[in-house]
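Asks: Handing you this structure, nothing more for now.
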Amino acid sequence: MPPTNIVINEWLPHDIKGDNGLLAQQRAGFFLEAIRGGNNRIIVLRESKWEAKVWQLWKENDTRIQLLSKLLFLSILIDPLKCRHLRPDEVQPLPANLAGQVPPDDTYLFQAALAEGAKTIITTDGRLIKAVTSANDYGIQLVPRDNYYQLLGIQSVTPNT
């Protein structure tokens with residue numbers, strides 16, 4: 001069975017770094033383990049904000065961050081079965097109606113999804129989910145991080161979600 005392509009918003013490097021608290025950092029570790037052992041493949045656009053934030057994790061001295069970063073890099077990002085890196089010339093501008101709804105900072109997420117046929121963008125950005133109503137027209141579902149965690153059997157980060 002071919003892998004299921006997913007795009008991950010910038011919550012992951014923030015959770016790994018601990019910006020969203022210890023619980024979110026722990027859940028990020030469970031998420032990475034689920035990706036490593038599952039049938040999902042992360043789609044990453046080179047030279048994107050996401051990639052820049054992930055590379056910044058290597059500069060951290062905290063042991064937890066280092067362990068999670070190594071798990072991300074060594075088990076996922078360098079494995080072509082777990083990650084597909086797109087060059088900027090491999091993506092196209094967004095269709096007009098989608099481009100009109102997607103905030104400029106998030107354009108790369110949708111470009112990556114469209115380029116590789118990813119059906120899911122995992123995000124913590126409620127504003128993005130509400131704004132991009134035409135995503136389904138392109139076969140893309142915006143899934144809140146905690147909802148995706150539930151699908152993977154990971155306890156949610158925020159209470160009552």
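Asks: Restricting to lysine pairs 8 or more places apart or on different chains, what number in segment 32-161 have Cα atoms under 17 Å apart?
Replies: Details: Lys49/Lys59; Lys53/Lys70; Lys59/Lys70; Lys70/Lys82; Lys82/Lys119.
Summing the qualifying lysine pairs gives 5.
Asks: Let me ask something else about it. Tell me, in nm to one decimal, what length is gained between Trp58 and Ala131 on full extension, where the rule is 0.36 nm per residue of separation less the Cα-Cα distance? Could you put the intermediate results ahead of the total?
Replies: Details: separation 73, 0.36 × 73 = 26.28 nm, distance 3.31 nm.
Going from the current span to full extension adds 23.0 nm.
Asks: Based on the mean of other beta carbon atoms within 10 Å per residue, what is the order of 29-40, 77-88, most packed first? It would help to have the intermediate numbers written out before the result.
Replies: Details: 29-40: 16.8, 77-88: 14.2.
By packing density, highest mean first, the sequence is 29-40, 77-88.
Asks: Then there is this: Give me the extension gain from Lys70 to Ala96: residue separation times 0.36 nm, minus the current Cα-Cα distance, reported in nm with one decimal.
Replies: Numbers: separation 26, 0.36 × 26 = 9.36 nm, distance 3.87 nm.
Taking Lys70 through Ala96 to full extension adds about 5.5 nm, to one decimal.
Asks: Can I ask one more? Just to confirm my numbers, what's the Cα centroid distance between segment 2-56 and segment 62-93 in Å?
Replies: The distance from the Cα centre of segment 2-56 to that of segment 62-93 comes to 8 Å.
Asks: Would you mind computing the Rg to Rh ratio of segment 1-117 from its alpha-carbon coordinates, Kirkwood style for Rh? Present the calculation step by step, with values, prior to reporting the outcome.
Replies: On the way: Rg = 14.5 Å, Rh = 14.8 Å.
So for segment 1-117, dividing Rg by the Kirkwood Rh gives 0.98.
Just so you know, all these numbers are worked out from the coordinates, no wet-lab data involved. Quick caveat, the model's predicted, so the values are computed rather than measured. In this analysis, Cβ positions are derived from the backbone assuming ideal geometry, glycine residues included, and neighbour counts consider all displayed protein chains.
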